[in-house]
Amino acid sequence: MNSALVAARRYSSLSEHIRSPKDLEYDVILDVTRELKSHSGAGTTKFSELARALNKNERLWIEIGTQVADPDNALSPDLRARLFYLAQFVGYQTSKVFGGSARVESLVETNVAVLRGLKGKT
């Protein structure tokens, strides 16, 4: 087989695996949400593991908040405002979870709502 044909086959198989930015966002949020969900409910969760999951989620939302605060962001002003509000909520709620006065479920629910929005489901 000639090298051009081999290269064409390899590149065509790679193109099947290329994902859209929206798909990548979905995957990142889903990964963090699964990690958070593993610490929801009553259980013997190690605090260090819970703290790691909460930190990962909060860093994600800080990034989302930073991106939607950028005036050059292409999302509608209404959607940007809603996402910014959620980013603030996540920061506040994360502090409450760390303090023991809230549970992780509200953070999981927030992420699930965003996942539904990314998939076009309400």
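All of the numbers you see were taken from the coordinates with simple rules; none came from a lab. Note that the structure is a prediction, hence the values are computed from the model and not measured.
Classify region 22-122 as rounded, prolate or oblate, taking a ≥ b ≥ c as the square roots of the eigenvalues of its Cα gyration tensor: rounded when a/c is under 1.5, otherwise prolate if a/b is larger than b/c and oblate if not. Prolate, since a/c reaches 1.5 and a/b exceeds b/c.
In this structure, the amide hydrogen of Ala102, modeled 1.01 Å from its nitrogen in the peptide plane, lies closer than 5 angstrom to those of Val97, counting only residues at least 5 positions away or on a different chain.
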